[in-house]
Amino acid sequence: MSEYSLVKGGKLNLKGHKEKKRHKKKRKRVEEHEDSEMVQDIASHDGWWAVEKFDEVTGSVAIEVRPHTYVIALDNGLFTTGPPHDEGEGPNPEEVLTAVRVSDSKVALKSGYGKYLSVEKSGVVAGRSDAIGPREMWEPVFENGKLALLACNSCFLSCTEEDGDLIAKSPKVEANEIIKVRTKAEKQTEKKDNQPDIDKGSVKLSELSYVKMFQSFQDRKLRVNEGDRTNLKKAKEDGSLHGMLLDRREKMKADRYCK
């Protein structure tokens, strides 16, 4: 029996049997779960969805500092946190700000009173500025699906535990500095560009590129059909460009796939 103890245990591997790969199905289930969570999150906030990249921080937005709790502007120019909302409710009008893009990485935030959010020397966030300057610029910082707002004093936006006043005093991102910026704008979906690079640009350049690609003659001199190209533009729009280019190359005997 001592010989058997030296044999490594494990599953039996039958000849011709292949282990099924399950990682694709698992990834699909994870994506479906994430999509389901996103749909549920949007519904619970009355259609206001959390931005995930800088380009989405524009127009009417609301800053959610705690679940269903938003930053609210006061008539004295200060900001605090409003009362928590119920499931299915979005922010109130006084909790809605306007995000204005001022550079490729920074935005300005304007309250409903027409004043821009800025940081005072004490680190308190106020809305008393009529114009956008360095103190009114905020940088959304995205990392691992989380968001924090960096102020001009190199500190991150948060609110005090006691009274919920808005401040920017922490140079590091802790749990209190992680926020969500929500918008109700139509979410733009990225459309995949399936058009080959060779088909982009003018039809004349496209034809020249295909002649170079498929030329079959020995002297290596280009033989391009100089006939009317008016129909090529229409063919490009309706998807028949490749076939028409092949017909033109066939007439010049310049294609190795000629009939």
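No lab work stands behind these numbers, since they all come straight from the coordinates. From a predicted model like this one, the values you see are computed outputs, not experimental measurements. Using ideal geometry, Cβ is built from the backbone for each residue, glycine included, and neighbour counts are taken over all protein chains shown.
Worth pointing out:
- Rounded if a/c under 1.5, otherwise prolate or oblate - the range 41-183, Cα gyration tensor axes: rounded
- Dipole axis of the range 41-183 (+1 Lys, Arg; -1 Asp, Glu on Cβ), positive-most option in 105, 125, 91: 105
- If R0 is 22 Å, the Cβ-Cβ spacing of residue 38 and residue 170 corresponds to a FRET efficiency of close to 0.15.
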